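The values are calculated or read from the model by the stated rules, or taken from the named source; none is laboratory data. As the structure is a computational prediction, the values presented were derived from the model and not from experiment. Using ideal geometry, Cβ is built from the backbone for each residue, glycine included, and neighbour counts are taken over all protein chains shown. Just so you know, the surface numbers come from the protein's heavy atoms only, side chains and all, with ligands and any DNA or RNA stripped out. Shrake-Rupley method; radii C 1.70, N 1.55, O 1.52, S 1.80 Å.
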Amino acid sequence: MSYNTFGHVFRFSTWGESHGPAIGAVVDGCPPGLSLSEDDIQPFLDRRRPGQSRFTTQRQEPDRVRILSGTFEGRTTGTPISLMIENVDQRSKDYSEVAQAYRPGHADYAYDAKYGFRDYRGGGRSSARETASRVAAGAVARLVIPEVSILAWVEAIGGDAIDPARFDPAEIGNNPFFCPDAQAAARWEKLVDDARKSGSSLGAVIACEATGVPPGWGAPLYAKLDAELAHACMGINAVKGVEIGDGFAAATLTGEDNADAMRPGSNQTGGPHFLSNHAGGIAGGISTGQPVRVRVAFKPTSSILTPVETITRAGEATDIRTKGRHDPCVGIRGVPVVEAMVALVLADQKLLHRAQNG
């Protein structure tokens, strides 16, 4: 059995392949009565859309979304919301060599081993093209959590990180890297350009912060908020690591350093005042009311022009270089995808909390 559905109460399933006629998502469990149109979804897809700069794949997809069901007179009905995005710029001929040999680092061999055959055109179902469906579903999820603000950015590319002292959220939309540090963005232009021109690729780290999450979302054991976020983000194509709060760095701290000490809060909030947020806004699997913080590591794009040793389907040794149009750093366009997955988890956890606690 293959799993194509995520969530408990607020659920979504994605469908389609990179070079099929269309991709899409079906969102189920969305509360009725929410105002929803294509215009509420399109801005998020536009942020992820390919071909907007020389630093991303040059595949030209408008990524226009259509709502096929689940709304009436501009409002959600509580029934499944079907979303469709047409594929209009496929070049399947670019993958003729991939049909005969496996791309190292990609899912080619693993898919063949599991299913006995594979759609080699652009990676088929394993293509990052599928993430457009998640972004569309995430836009619907944001309507369920209007109290929450979600912002992600690229923190590092190819090991070159931003300077936290120069963090400016207004800069994130001013450059093609979703970078909050203007000086780092300027450096990354050459870094990514050099990788692209040499036929190689680079990895990236994305950070995401959700503010306005009230205390109490999540569960003590098998639906921990941090576990659900890790599950969601690890399910994104090319992701190889997820941290909540300080993550691995917490292992280097002492107990007193790592503790998020508390003092009495104001009468307006009713909650405590935290002196730090090493836990990333989650304790015991449940939100504390602090900002929820996630960091996500993306590996370098596996489809590269540099020849790499591999084998054919028949098990013979060969080299392969992947033609076609590919992101020199797939993590760049991962920013709206991470935001979407965080929104989907938080919407689901809000409804789960409401179901148990009223």
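Once you've got the Cα coordinates, tell me which of 114/299; 197/240; 190/224; 114/197; 114/190 are over 29 Å apart.
Too far apart for the 29 Å limit: 190/224; 114/197; 114/190.
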query = Dipole size in debye (nearest 20) for the stretch 177-294 around its Cα centre, Lys and Arg Cβ +1, Asp and Glu Cβ -1?
reply = 260 debye
query = If you put +1 on each Lys and Arg Cβ and -1 on each Asp and Glu Cβ, how big is the dipole of the chain around its Cα centre, in Debye rounded to 20?
reply = 720 debye
query = Carbon and sulfur: what percent of the chain's accessible surface (1.4 Å probe)?
reply = 54 percent
task = Taking only Cα atoms and a 10 Å spring cutoff, compute GNM fluctuations for the chain and point out the largest among 311, 332, 282.
result = 311
note = Diffing the stretch 327-342: the Karplus 3J(HN,Hα) column from phi (6.51, -1.76, 1.60, θ = phi - 60°), in whole Hz with x for Gly and Pro, holds 6, x, 8, 5, x, 4, 7, x, 4, x, 6, 4, 4, 5, 5, 5
query = Ordered by residue, what ³J(HN,Hα) values in Hz, to whole numbers, does the stretch 236-245 give under the Karplus form 6.51 cos²θ - 1.76 cosθ + 1.60, where θ = phi - 60° and Gly and Pro are x?
reply = 7, 3, 6, 7, 10, x, 9, 10, 10, x
request  = For the stretch 281-358, calculate the relative contact order in percent as a whole number, restricting contacts to Cα pairs under 8 Å that are 6 or more residues apart.
outcome  = 21 percent
request  = Would you work out which of 247, 188, 331 lies farthest towards the positive end of the dipole of the chain, given +1 charges on the beta-carbon of Lys and Arg and -1 on that of Asp and Glu, about the Cα centre?
outcome  = 331
note = Out of 309, 155, 339, a Gaussian network model of the chain with alpha-carbon springs under 10 Å gives the largest mean-square fluctuation to 309
request  = Express in whole angstrom the spacing between the alpha-carbon centres of the stretch 158-181 and the stretch 218-278.
outcome  = 23 Å
The chain, relative contact order [Cα under 8 Å, separation at least 6], % = 23 percent
ask   = Using alpha carbon coordinates only, what is the Rg to Rh ratio of the chain, with Rh defined as the Kirkwood radius?
value = 0.98
message = Can you tell me which of 39, 348, 181 moves the most in a GNM of the chain? Springs connect C-alpha atoms under 10 Å apart.
response = 39
3J(HN,Hα) from dihedral phi, the stretch 156-162, Karplus parametrisation 6.51/-1.76/1.60, rounded to Hz, x for glycine, proline = 7, 10, x, x, 9, 9, 6
Over the chain: helical MRE at 222 nm, DSSP H runs n ≥ 4 each giving -39500 (n - 2.57), nearest 500 = -7500 deg cm²/dmol
request  = Enumerate the amide H contacts of residue 17 below 5 Å, restricted to partners 5 or more residues apart or on another chain; note that Pro and chain-start residues carry no placed amide H.
outcome  = 22
query = For the chain, with every protein chain kept in place, what is the accessible area per residue (1.4 Å probe, Å²)?
reply = 46 Å²
ask   = Translational D (Stokes-Einstein, µm²/s) of the stretch 96-162 at 25 °C and 0.890 mPa s when Rh comes from the Kirkwood sum over C-alpha pairs?
value = 161 µm²/s
